[in-house]
Amino acid sequence: MELLQDSHYVACGAHRLHLRQIGPTLVSQAEPVLMVHGAIENGRIFYTESGKGLACFLARHGYQVYVADLRGRGQSEPSIAKVQDHGQHELITEDLPTLQAWIAARHPGHKVHWVAHSWGGVLMASTLVRFPDLAAGIASLLFFGSKRGVSVQSPERWLKVDLIWNRLAPWLARRQGFLAARKLKIGADDEPLRYLEETIPWVKCGPWQDPYDGFAYDEAAERVPWPPLWLISAKADRVLGHPEDVHRFGAELGVRARPRHTRLGRDRGNRLDYDHINMLTAPQAIDDHFPEILRWLSHPAAS
């Protein structure tokens, strides 16, 4: 099936958030999907212009997919290199509610499926805790490698989390005003200093409370009418979305969430022991777990 792709720019305060629309047509009649990337990433984790990735897979099967670049990332304007006066607080309280409202207005009568990779799942969950009324318009939640804190101990964790993310990245960001992750070749996109400062207490497994205004997500999560939720982790993801930490994140959402959790790996019957990135990008995923995701999206409440 030939896919069409188009770019939209959604006003959010002084920012223009980029949404890549991918579908069999650009007529907004199919069920919508909103995809959100993680830290030092942008929306390209989900698609390519040549038609690869989960976004294109779902679009070929009839969904109208919208892949977000959160403020400053990807094709959103202005870039973080030009404006870096925000943290994750604005992504939770402004970007995601704005994108949900924009998509919902284009698809009257349809709920929106929310899909996230890595820290994007933490942002999406936090938005729902802040604004539980949004849950009425969300069909399902599907998070890949999403964890709020990193509890596992290993040399890889000490390097990637303790040294680079918690110490070196803020030091570099203070010198330039933002973390130039692309230039340093440690990520696909840059991050503001305040974003780093607000994520680090959570990564260290501190309380699920907003470092910016003190909002207690951990207490409010129990009151959220959670949509059907599927957490997917990967056997070879040893730090950034370790299966233990993904499971731990699901428990933080409260007893009403009742998440399904699947760990991808050969011992489960998958073709690869996937890692944090290639669970979305490996060619094998198209015939491996992507069809399972497609079936789940059609009846998420039945899982």
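Read-outs throughout are calculated quantities, based only on the coordinates presented, and are distinct from any laboratory measurement. Just so it is clear, the structure is predicted and the values come from calculations on it, not from any experiment. Every residue, glycine among them, receives a Cβ derived from its backbone with ideal geometry; neighbour counts consider all protein chains shown.
Counting Lys and Arg as +1 and Asp and Glu as -1, each charge on the Cβ, what is the dipole of the chain about the Cα centre in debye, to the nearest 20?
440 debye
Hey, what do the phi angles of the range 247-259 turn into as Karplus ³J(HN,Hα) couplings, whole Hz, using 6.51/-1.76/1.60 and θ = phi - 60°, x for Gly and Pro?
Values per residue, Gly and Pro as x: 4, 5, 5, x, 5, 5, 6, x, 5, 6, 6, 6, x Hz.
At most 13 other Cβ atoms within 10 Å and a DSSP loop assignment: could you name the GluC sites (Glu not before Pro) in the range 1-81 that fit?
Working: sites: Glu2, Glu41, Glu49; in loops: Glu2, Glu41, Glu49.
In loop regions of the range 1-81 (DSSP not H, G, I, E or B), the sparsely surrounded GluC sites (Glu not before Pro) are Glu2, Glu49.
Could you pull out every residue, at least 5 positions away or on a different chain, whose amide H is within less than 5 Å of the one on Gly145? Hs are placed 1.01 Å off N in the peptide plane, and Pro or chain starts have none.
Ser118, Ile232, Ser233
Among His15, Gly51, Tyr66, pick out the residue whose Cα is farthest towards the positive end of the charge dipole of the chain, where Lys and Arg carry +1 and Asp and Glu carry -1 on C-beta, about the Cα centre.
Most positive-ward Cα: Gly51.
Work out from phi, with θ = phi - 60° and the Karplus expression 6.51 cos²θ - 1.76 cosθ + 1.60, the ³J(HN,Hα) of each residue of the range 181-198, listed in order in whole Hz, and give x for Gly and Pro.
5, 5, 5, 7, 6, 10, x, 7, 8, 8, 9, x, 4, 5, 4, 4, 5, 7
Run a plain Debye calculation on the range 31-156 (Cα atoms as equal point scatterers, no solvent) and give log10 I(q)/I(0) at q = 0.11, 0.13 Å⁻¹, rounded to two decimals, same order as the q list.
-0.38, -0.54
Using a simple charge model, +1 on the beta-carbon of Lys and Arg, -1 on the beta-carbon of Asp and Glu, nothing else, what dipole does the range 1-104 show about its Cα centre, in debye to the nearest 20? Each step should come with its number before you reach the end.
Working: 8 positive and 11 negative charges, 38 e Å.
That gives a dipole near 180 debye.
Could you estimate the translational diffusion coefficient of the range 181-233 from the Stokes-Einstein equation, with Rh from the Kirkwood formula over C-alpha pairs, at 10 °C and 1.306 mPa s, in whole µm²/s? Intermediate values should be presented prior to the final figure.
Values: Rh = 13.8 Å.
For these conditions, the coefficient is 115 µm²/s.
Please list 3J(HN,Hα) in residue order for the range 164-178, calculated via the Karplus relation 6.51 cos²θ - 1.76 cosθ + 1.60 where θ = phi - 60°; whole Hz, with x for glycine and proline.
Listing the rounded values in order: 6, 6, 7, 10, 5, 4, x, 4, 5, 5, 5, 6, 10, x, 7 Hz.
For Kirkwood radius over Cα pairs in Å, one of [x] 24.4; [y] 22.7; [z] 19.2 was computed from the structure I shared and the rest are decoys. Which label?
Evaluating Kirkwood radius over Cα pairs in Å on these atoms matches [z].
Under a Cβ-only charge scheme (Lys and Arg +1, Asp and Glu -1), can you give me the dipole magnitude of the range 211-303 about the Cα centre, in debye to the nearest 20?
Numbers: 12 positive and 14 negative charges, 77 e Å.
Roughly 380 debye, rounded to the nearest 20.
Can you find, among Ala216, Ala30, Trp158, the residue farthest towards the positive end of the dipole of the chain? Put +1 on the C-beta of Lys and Arg, -1 on that of Asp and Glu.
Trp158
Give the residue from Gly269, Pro132, Gln5 lying farthest towards the positive end of the charge dipole for the chain; charges sit on Cβ (+1 for Lys and Arg, -1 for Asp and Glu) and the dipole is referred to the Cα centre.
The residue sitting most towards the positive pole is Gly269.
What does the charge count around Gln153 come to, taking other residues whose C-beta lies under 12 Å from its C-beta (Lys +1, Arg +1, Asp -1, Glu -1)? Walk me through the numbers on the way to the answer.
Values: positive: Arg157, Arg238; negative: Glu156, Asp162, Glu244, Asp245.
With Lys, Arg at +1 and Asp, Glu at -1, the net is -2.
Just the C-alpha atoms of the range 109-195: what Rg/Rh do they give, with Rh taken as the Kirkwood radius? List each step's numbers first, then the result.
Numbers: Rg = 16.2 Å, Rh = 15.1 Å.
Using only Cα positions, Rg/Rh for the range 109-195 is 1.07.
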